[in-house]
1. Counting other C-beta atoms within 10 Å, and keeping those with at most 15, which DSSP coil GluC sites (Glu not before Pro) do you find in region 88-180?
2. Work out the FRET efficiency for Val172 and Asp195 from their Cβ-Cβ distance, taking R0 = 25 Å, and round it to the nearest 0.05.
3. Could you tell me what percent of the DSSP beta bridges with both partners in the chain are antiparallel, to the nearest 5?
4. Could you work out which residue, out of Asn91, Asn66, Asn169, moves most in a Gaussian network model of the chain, that is, has the largest mean-square fluctuation with Cα springs under 10 Å?
5. To check my understanding: the extent here is largest minus smallest coordinate of the Cα atoms along each principal axis. What are those three numbers for the chain, in Å, largest first?
6. Suppose every Lys and Arg Cβ carries +1 and every Asp and Glu Cβ carries -1, with no other charges. What dipole size does the chain come out with about its Cα centre, to the nearest 20 debye?
7. So if R0 is 30 Å, what FRET efficiency would Lys154 and Ser51 give, r being the distance between their Cβ atoms, rounded to the nearest 0.05?
8. Quick check for you: which residues of region 154-191 have the amide N under 19 Å from the point 7 Å beyond the Cα of Leu90 toward its beta carbon?
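What follows is calculated from the coordinates using simple rules that are stated; it is not laboratory data. Just so we're clear, the structure is a prediction, and the values are computed from it rather than from any experiment. All Cβ positions, even for glycine, are placed from backbone atoms using ideal geometry, and neighbour counts span all protein chains on display.
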Amino acid sequence: MNIILFGPPGAGKGTQADNLVQAFNLFKISTGDLLRKEINKKSFLGNKIKSMINTGLLVPDDIINNFIQNIVSNKSYSNRLVFDGYPRNLNQVSNLNILLKKNNQEISCVLSLKIEQDLVIKRILGRQICSSCGLIFNIFFKPSTNINHQCDPKFLKKRSDDNEKTIKNRFVTYAKETAPILNYYKKETLLYEIDGSSDISTIYQQICQIISLLDT
Ligand code: AMP
């Protein structure tokens, strides 16, 4: 089973990807996480990526596709992939199709989390990521506690692109480049739409229901 989680910034893709990984023993490919790892290395490439992310633009496809290629071709993750934040434009869709075909895999479903911009902004402004384990929390909706998180709270960080100015640009980029992908997956009859404004467990239940009906 390979799943694409789709939605605007802050829709909850990463949180639901983490849930799926735990429950179904899947592997999460978050291009955002891969890019942030490169930024943390403070490499030449990392610095270039950082300035693009902080302006709300997409990072060039060749950089992204390189990251993806290694993971999709890795046999130990075969048919166990959850894509979070990829593909993000039609060119990335084509690249993913080629890679999957080459590795005898296919997409099982595309789960689109639909949500209004106002709610999403509140979610993004409350978001925290653990720089040690990578789990995602939210000071308003899912605070880190002793029960759901084992790391020291000092590792909880805000993302540098989670500020109002960059968020607005990320929405413009999403509408222009990413949203058109939905039509493609609709035509392929892979698209399932979910109300992304519900709480985390309700959304997760709906996702599980959809997965249970898949022919995998
Ligand atoms: P995310 O963590 O998915 O919200 O991504 C954070 C930022 O990383 C985005 O706003 C983009 O600048 C960049 N990014 C993440 N995934 C991609 C992708 N598939 N293609 C291009 N840029 C990406």
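1. Passing sites in region 88-180 are Glu106, Glu116.
2. 0.60
3. DSSP beta bridges in the chain are roughly 25 percent antiparallel.
4. Maximum among the listed residues: Asn66.
5. 42, 40, 33
6. 680 debye
7. Using R0 = 30 Å, I get an efficiency of 0.65.
8. Inside the label zone: 172-191.
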